[in-house]
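Since the structure comes first, as structure tokens, the remarks are kept for the end.
The values are calculated or read from the model by the stated rules, or taken from the named source; none is laboratory data. Being a predicted model, the structure only gives us computed values, none of them experimental. Don't worry about glycine lacking a Cβ; one is built from the backbone with ideal geometry, like all the others, and counts go over all protein chains shown.
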Amino acid sequence: MRYLRLLAIQLRTSLLLSMQYRADFLLDAFVEVFWMATAILPLVVVFRVRPVIAGWSFGDALMVMGWFTFLQGVLEGAINPSLVTVVEHIRKGTLDFVLIKPADAQFLVSTARFQPWRAVNVATSLGLFAWGFARLGRGPSAGDVALAAVAMVAAVVVLYSLWMLTVSAAFYFVRIDNLSQLFGAVFDAARWPVQIFRGVVRAVFTFVIPLALMTTYPAEALLGRLGTGTLLGALAGAAAAFVITRLVWTASIGKYTSAGG
């Protein structure tokens with residue numbers, strides 16, 4: 001309960017800071033909707049040429065795009081803003097102010113800052129789901145929605161873990177701009193079903209950088225295609241990723257040198 005109260009305080013502070021400039025708040029939300037509209041265009045063009053690709057129709061692929069949009073909002077609205085501040089703390093040697101607080105440092109740095117206007121991605125993703133099911137001529141069952149929600153939790157945990165591992169590299173290399181840009185570029189591939197990739201690329205996107213777990217598996221769950229074994233494997237993978245991240249973070253803290261050190 002203590003950490004839930006801390007999270008509520010962090011969220012409230014971020015919302016108040018964002019609402020100080022309401023015109024910018026609304027403009028940022030509008031830009032996000034415009035960006036997402038342009039991001040859908042490649043999908044529309046490709047499926048206009050080929051109605052079915054690797055077993056995915058346009059309606060099916062919209063589910064993957066919906067989850068990609070949702071996770072993009074989570075990444076840019078909740079994960080990235082907070083963890084980017086860690087890099088600045090490390091570079092300036094001011095992480096001490098976080099470490100001396102009577103709360104878990106990883107929790108504090110992971111919830112330090114939010115961008116609430118990114119919540120527009122949630123509405124956009126719901127719109128994409130509705131569009132996709134309209135194209136398919138049916139809707140999801142309650143069980144499919146429940147399985148998709150579980151798969152979503154695993155996806156968010158893996159996304160957070162990967163980004164946290166990237167940020168932890170700053171304890172060793174200080175500047176990780178290129179690494180974070182590479183991660184962002186690779187994550188863009190998650191807007192496509194993993195089945196369209198072949199060979200080594202597909203293996204990498206399934207097991208090394210599990211883009212399949214982030215967007216394809218939740219989409220398959222929503223469509224009623226995801227097997228129980230695959231879902232359990234995704235949950236196990238997410239748990240393992242979080243444990244590894246925690247161990248890496250703890251080890252990285254030991255490498256930290258403060259401004260006065």
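Taking the criterion of being of a type in the set (A, V, I, L, M) and outside any helix (DSSP H, G or I), the residues of segment 49-75 that qualify are V52, I53, A54.
Can you find a residue in segment 147-170 that is more than 20 Å from M36 (Cα to Cα), within 15 Å of the chain's Cα centre (by Cα) and outside any helix (DSSP H, G or I)? No - not one qualifying residue is present in segment 147-170. The set of residues in segment 202-260 being in contact (Cβ under 8 Å) with a residue 60 or more places away in the chain, over 25 Å from W131 (Cα atoms) and not in a helix (DSSP H, G or I) consists of K255, Y256, T257, S258, A259, G260.
When segment 92-115 is filtered for residues that are over 23 Å from L162 (Cβ atoms), touching a residue at least 40 places away in the same chain (Cβ under 8 Å) and in a helix (DSSP H, G or I), the ones remaining, listed by number, are K92, D96, L99. Could you say whether any residue in segment 75-87 is within 30 Å of A170 (Cβ to Cβ), surrounded by fewer than 14 Cβ atoms within 10 Å (Cβ to Cβ) and at pLDDT below 85? No, there is no match, as no residue in segment 75-87 is within 30 Å of A170 (Cβ to Cβ), surrounded by fewer than 14 Cβ atoms within 10 Å (Cβ to Cβ) and at pLDDT below 85.
State yes or no: is F171 buried (at least 16 other Cβ atoms within 10 Å of the Cβ), without any contact (Cβ under 8 Å) to a residue 40 or more places away in the chain and farther than 12 Å from W67 by Cβ? Answer is no for this residue. Screening the candidates A78, A123, A39, A119 for the property of being in contact with a Lys or Arg (Cβ under 8 Å, 6 or more places away or on another chain), part of a helix (DSSP H, G or I) and under 27 Å from L4 (Cα atoms) yields one hit, A78.
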